[in-house]
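Each remark here refers to the structure printed beneath this line.
The values are calculated or read from the model by the stated rules, or taken from the named source; none is laboratory data. Just so you know, these numbers come straight off a predicted model, no measurement behind them. Here the Cβ is made from the backbone with ideal geometry for all residues, glycine too, and neighbour counts use every protein chain on show. What goes into the accessible areas is simple: the full protein's heavy atoms, side chains included, and nothing from ligands, DNA or RNA. Shrake-Rupley method; radii C 1.70, N 1.55, O 1.52, S 1.80 Å.
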2 protein chains.
Amino acid sequence: MAHDDLPHGTLTCGECPIRHRAVCARCEPTELGELERIKYYRSFEAGQTVIWAGDQMDFVASVVSGIATLTQTMEDGRTQMVGLLLPSDFVGRPGRARAAYNVIATTDILMCCFRRKPFEDMMERTPHLAQRLLQMTLDELDAAREWMLLLGRKTAREKIASLLSIIARRDASVNMMPSIGRMSFDLPLTREAMADYLGLTLETVSRQISALKREGVIELAGKRHVTVPDMDRLMFEAGDDSDGGLVG
Amino acid sequence: MAHDDLPHGTLTCGECPIRHRAVCARCEPTELGELERIKYYRSFEAGQTVIWAGDQMDFVASVVSGIATLTQTMEDGRTQMVGLLLPSDFVGRPGRARAAYNVIATTDILMCCFRRKPFEDMMERTPHLAQRLLQMTLDELDAAREWMLLLGRKTAREKIASLLSIIARRDASVNMMPSIGRMSFDLPLTREAMADYLGLTLETVSRQISALKREGVIELAGKRHVTVPDMDRLMFEAGDDSDGGLVG
DNA sequence: CGTAATTTTGAATCAAATCAAGAAGGGTGG
DNA sequence: CCACCCTTCTTGATTTGATTCAAAATTACG
């Protein structure tokens with residue numbers, strides 16, 4: 001069973017691991033108390049579908065732990081990932097009754113859910129909530145636009161290198177490490193999920209990972225553990241501008 | 001010269017054509033007065049660059065009339081459009097001092113600019129502004145995710161059909177017409193801009209437009225005026241789900 | 001009316017997809 | 001503990017859709 005260390009319903013906002021990054025980050029103690037009253041926890045196992053696109057959605061939520069994906073599907077089954085949800089990320093849209101995307105748990109996942117109507121009401125009254133959600137949404141929009149450049153203009157090799165460097169840097173930021181020089185991390189996605197992220201087939205993903213390994217850009221231990229001997233080299237392969245980019 | 005009908009600096013919020021859709025849509029008369037004091041108008045001619053990515057940006061703005069694009073560029077010149085700015089759309093990000101993308105005027109354009117610092121200060125105090133900007137940003141994020149599916153998984157033919165149906169439907173909504181049956185509209189983009197939108201080359205854009213014309217999905221009068229005899233047929237070619245999709 | 005910019009079309013090439021086996025893990029039950 | 005199965009991943013051969021390179025046609029414009 002997942003998350004026995006985070007017993008459902010007994011976690012208070014004060015002890016919440018994502019307290020300072022989630023939609024509630026700017027809330028004051030009184031406001032937290034109000035959230036506390038409308039919140040409840042739900043957990044899903046790896047592989048489970050949290051919500052289907054088009055389904056009634058009577059809650060919004062924060063990812064507390066684990067990873068989920070947002071995907072869009074065409075009738076013939078082609079699927080494109082359009083969001084990767086990490087701890088502290090927000091799911092759902094205030095004011096929208098139906099889910100726009102499929103949400104699928106990639107790992108075991110714990111979500112802090114708020115009943116939608118009370119949450120919407122509270123947003124009207126609580127600028128701190130709306131302000132934080134705005135900031136998070138603007139960040140997501142920036143990420144989506146970076147992703148659009150990747151999907152529209154990068155080669156398969158550049159796409160893989162970009163994804164690896166995104167994961168490496170995210171991992172470093174969580175662990176408060178600098179993302180330079182030699183780095184190691186686990187891939188949280190299967191080859192197929194990577195393909196859906198990058199707009200490729202899983203065979204192409206596999207081939208390009210093999211190529212980067214063969215050329216020493218990365219090292220693999222098992223299928224999932226990656227070591228990058230030189231981040232600069234990886235960033236170069238990703239085709240990104242060398243300068244650090246934007247600040248949040 | 002452009003926009004002699006909208007003399008700079010003399011337009012009041014009360015007579016503004018985008019008043020009800022822009023970031024100020026929810027503002028009350030007092031709040032409008034406050035915006036009025038920090039706003040100024042700037043116009044750009046078709047083809048002009050409004051801002052370069054990385055440039056200092058000491059204002060945010062609403063597009064009053066005309067069309068602009070948001071683009072990202074790689075060092076070797078590959079470019080991807082990541083936003084299409086229409087009247088009432090918002091440019092810039094509160095809290096960010098440097099532009100993240102190139103903004104280029106596609107047609108002659110008029111923008112209602114607000115000095116950034118006063119605007120940010122006002123946002124802190126004015127929930128109506130933050131709420132409206134949140135709503136607009138969530139809409140943009142949805143559009144970006146639809147766009148990601150297009151870039152990652154659609155064929156060239158589907159991409160073109162999708163773009164045409166997006167433009168057709170936008171045009172219809174501006175003119176308060178239903179977007180069914182027979183429709184006519186002008187393309188606001190060159191073949192190259194369409195290619196940058198769709199992640200294709202301009203040759204492929206041209207070929208696919210020719211193919212759709214040959215097969216009677218569209219009719220062309222000149223290079224830019226398009227007639228769609230049957231919107232359902234076009235939607236089918238776009239590969240989108242037949243159901244209408246989401247509401248804003 | 002001529003010149004530049006944009007668009008169309010053609011032919012050749014190429015990167016990624018598709019089709020098709022195998023190999024490598026990872027977990028289960030005998 | 002090992003044999004087996006199922007999923008995930010890798011690799012190979014071939015096809016294909018889109019790009020690239022090249023030239024002609026159309027349109028816009030001074």
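Assorted remarks:
- Exposure of A:K223 as accessible area (Å², to 10), given a probe of 1.4 Å and all protein chains: 150
- Carbon-plus-sulfur accessible fraction, the protein assembly as shown (probe radius 1.4 Å, protein heavy atoms only): 52%.
- Here the dipole of chain B is about 220 debye; that uses its Cα centre as origin and unit charges on the Cβ of Lys and Arg (positive) and Asp and Glu (negative).
- Kirkwood hydrodynamic radius of the range A:155-238, from inverse mean 1/r over distinct Cα pairs, in Å: 12.6
- Applied to the range A:74-91, the Karplus parametrisation 6.51 cos²θ - 1.76 cosθ + 1.60 on θ = phi - 60° returns per-residue 3J(HN,Hα) values of 8, 4, 7, x, 4, 10, 10, 6, 10, x, 10, 9, 10, x, 5, 6, 9, 10 Hz, with x for Gly and Pro.
- For A:F59, residues with placed amide H under 5 Å, excluding near neighbours: A:R116
- Taking both sides together, the accessible area buried where B meets A is about 4500 Å² for a 1.4 Å probe.
- By average C-beta atoms within 10 angstrom, highest first, the peptides A:90-97, A:145-152, A:58-65, A:171-178: A:145-152, A:58-65, A:90-97, A:171-178
- An oblate overall shape is assigned to the range B:124-189, the ratio a/c of its alpha-carbon gyration tensor axes (a ≥ b ≥ c) being 1.5 or greater and a/b not exceeding b/c.
- Cα gyration tensor shape for chain A, rounded if a/c is under 1.5, else prolate or oblate: prolate
- Shown for the protein assembly as shown: lysine pairs separated by 8 or more places, or found on different chains, whose C-alpha atoms are under 19 Å apart, numbering 11.
- Probing with 1.4 Å while keeping every protein chain in the model, the per residue accessible area of the range A:160-218 equals 48 Å².
- Amide proton proximity set for B:S88, modelled H, under 5 Å, gap of 5+: B:V63, B:V64
- Measuring how big the range B:13-148 is from its alpha-carbon positions, Rg and Dmax come out at 14.7, 49 Å.
- Separation between Cα centres of the range A:144-188 and the range A:48-101, rounded to whole Å: 22
- Dipole check for the range B:71-146: with +1 at the C-beta of Lys and Arg, -1 at the C-beta of Asp and Glu, and the Cα centre as origin, the magnitude is about 360 Debye.
- When only the Cβ of Lys, Arg, Asp and Glu is charged (+1, +1, -1, -1), the dipole of the protein assembly as shown relative to its Cα centre reaches about 300 debye.
- Rounded to the nearest Hz, the phi-derived 3J(HN,Hα) couplings of the range B:128-140 under the Karplus curve 6.51 cos²θ - 1.76 cosθ + 1.60 (θ = phi - 60°) are 4, 5, 4, 5, 5, 5, 4, 4, 5, 5, 5, 4, 5, where x marks glycine and proline.
- On a per residue basis, the range B:13-148 carries 40 Å² of accessible surface, using protein heavy atoms and a 1.4 Å probe.
- Simple label model, 7 Å out from Cα along Cβ direction - B:E215 to B:T155, nm: 0.7
- Label 7 Å beyond Cα on the Cβ vector: B:E219 copy-to-copy distances, nm: 6.7
- Here the Karplus curve 6.51 cos²θ - 1.76 cosθ + 1.60, taken at θ = phi - 60°, turns the phi angles of the range B:108-113 into couplings of 4, 9, 10, 10, 9, 9 Hz, with x standing for Gly and Pro.
- Largest-first ellipsoid semi-axes for the protein assembly as shown, taking √(5λ) over the Cα gyration tensor eigenvalues, angstrom: 35, 30, 23
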